[in-house]
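Undergrad: First the structure, which I've put down as structure tokens, then a few questions once you've had a look.
The values are calculated or read from the model by the stated rules, or taken from the named source; none is laboratory data. All values reported here derive from a predicted model rather than from experimental measurement. Cβ atoms come from the backbone with ideal geometry, glycine included; neighbour counts cover every protein chain shown. Protein only, heavy atoms only, side chains kept; ligands, DNA and RNA dropped before computing areas. Shrake-Rupley method; radii C 1.70, N 1.55, O 1.52, S 1.80 Å.
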Amino acid sequence: PRRRAREDPSGGAATSRPKIGAFGHMNKLNRAQKEKVRRFAAVADADEEVALKILKDARWDLEVGLEMFFTSPVGSLGGSTNPEQVEATYATYRADDDDEEMVGAEGIERFCEDIGIDAMDPVILVVSLKMGAQTMGKYTKEEFTSGLRRMGADTAAKIKSKIPELRKELEDERGFKDVYEFSFGFAKEPNQKSLPLEIACAMWKVLLTGKWALVDEWCEFLEKDHGKPITHDTWSQALEFSRQIGPDLEGYDPAGAWPYLIDEFVEHKMASAAEGGENGGD
């Protein structure tokens, strides 16, 4: 039988992680390089072969590689941008009371209003992915302006017209996974390996409501019985669990390589179901 992957309940890294890479030569890359290839492919909407070639040319500098991609013919997204208009759009949302060149929370809220979405709409995560944003609640000037160029739009109105196209990425299995994986790093604090539980649950509900029937039960279990930050392994495997296991746990294999917390959740749900059955029989 397969050994069950265990997560350190204190928040340490687990042993089970999703495999990355569809090409044979990807096997020669280390984990960090594979992650950069996937991140590049997701942001640039390019295949991994193109991502690998450009990243090698950029000496594995992700930002340099993306800039090379989007300033070359191969990086065209079917829309042109005017540099002056890009700057003007950035200025519209720039945080005036901050020394750092960035769009802050208030500017992001206005930006969402202007592109016709609620700030809690998961499509904003697609937009943030295209911008290559590193931290939730702000876009640096470089992230915002290069993101507009990547999307081929230099005004909020043009971004608004692209929302239906961007929303399709949430409906595509691979595209959604890219957004989901991006969201973990985007939502956590810089230099932290884990995601605070409160934020993780909020993100799960934004991303998985309507896609996973157990998302509310999962978050309730974590808040009541776990109460600790969420590791990247648990974050990643929760998506796989939601896709593979039915709402009544059909398809669940106790010998499967699930993280510790998911096994605990299943045991909790089974115990609750058994208790409910006993009470119903009285």
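Undergrad: Is there any pair with a first residue in the range 188-206 that is in a loop (DSSP other than H, G, I, E, B) and a second that is open to solvent by 40 Å² or more (accessible area, probe 1.4 Å) whose Cβ atoms are under 6 Å apart and which are 6 or more apart or on different chains, and what are they?
TA: Matching pairs, first to second residue: S194/P229; P196/P229.
Undergrad: Of the residues in the range 141-184, how many are of a type outside the set (A, V, I, L, M) and outside any helix (DSSP H, G or I)? Before you say what the answer is, go through the steps one by one.
TA: Here is the first cut: in the range 141-184, the residues of a type outside the set (A, V, I, L, M) are 141-147, 149-150, 152, 154-155, 158, 160-162, 164-165, 167-169, 171-178, 180-184.
Right, trim to outside any helix (DSSP H, G or I) and you get 152, 154-155, 172.
Count: 4.
Undergrad: Here is a further query. So, V64, is that one β-branched (V, I, T), open to solvent by less than 50 Å² (accessible area, probe 1.4 Å) and either at negative phi or free of Cβ contacts under 8 Å to residues at least 12 places away in the same chain (or both) or not?
TA: On the way: β-branched (V, I, T): yes; open to solvent by less than 50 Å² (accessible area, probe 1.4 Å): no; either at negative phi or free of Cβ contacts under 8 Å to residues at least 12 places away in the same chain (or both): yes.
Considered against the rule, which asks whether it is β-branched (V, I, T), open to solvent by less than 50 Å² (accessible area, probe 1.4 Å) and either at negative phi or free of Cβ contacts under 8 Å to residues at least 12 places away in the same chain (or both), V64 comes out as no.
Undergrad: Specify which of the listed residues (C201, C219) is over 23 Å from E169 (Cα atoms) and touching a helix residue (DSSP H, G or I) at 6+ places or on another chain (Cβ under 6 Å). Reasoning before the result, please.
TA: Working: C201 fails: over 23 Å from E169 (Cα atoms).
Just a single option satisfies the conditions, and that option is C219.
Undergrad: I've got another one for you. Of the conditions (1) modelled with pLDDT under 85; (2) among the basic types (K, R); (3) exposed (fewer than 15 other Cβ atoms within 10 Å of the Cβ), R31 satisfies every one except a single condition; which number is it?
TA: (1)
Undergrad: If you go through the range 149-161 one residue at a time, how many are at pLDDT 95 or above and either under 18 Å from the mean Cα position of the chain (by Cα) or open to solvent by less than 60 Å² (accessible area, probe 1.4 Å) (or both)?
TA: Final tally of qualifying residues: 3.
Undergrad: What is the one condition in (1) open to solvent by less than 60 Å² (accessible area, probe 1.4 Å); (2) in a helix (DSSP H, G or I); (3) at pLDDT 95 or above that W212 does not satisfy?
TA: Status for W212: all satisfied but (2).
Undergrad: Next up: So, of the residues in the range 227-276 that are free of Cβ contacts under 8 Å to residues at least 24 places away in the same chain, open to solvent by less than 40 Å² (accessible area, probe 1.4 Å) and touching a Phe, Trp or Tyr at 6+ places or on another chain (Cβ under 9 Å), which turns out to be farthest from L207 (Cα to Cα)?
TA: By that ranking, first place goes to V266.
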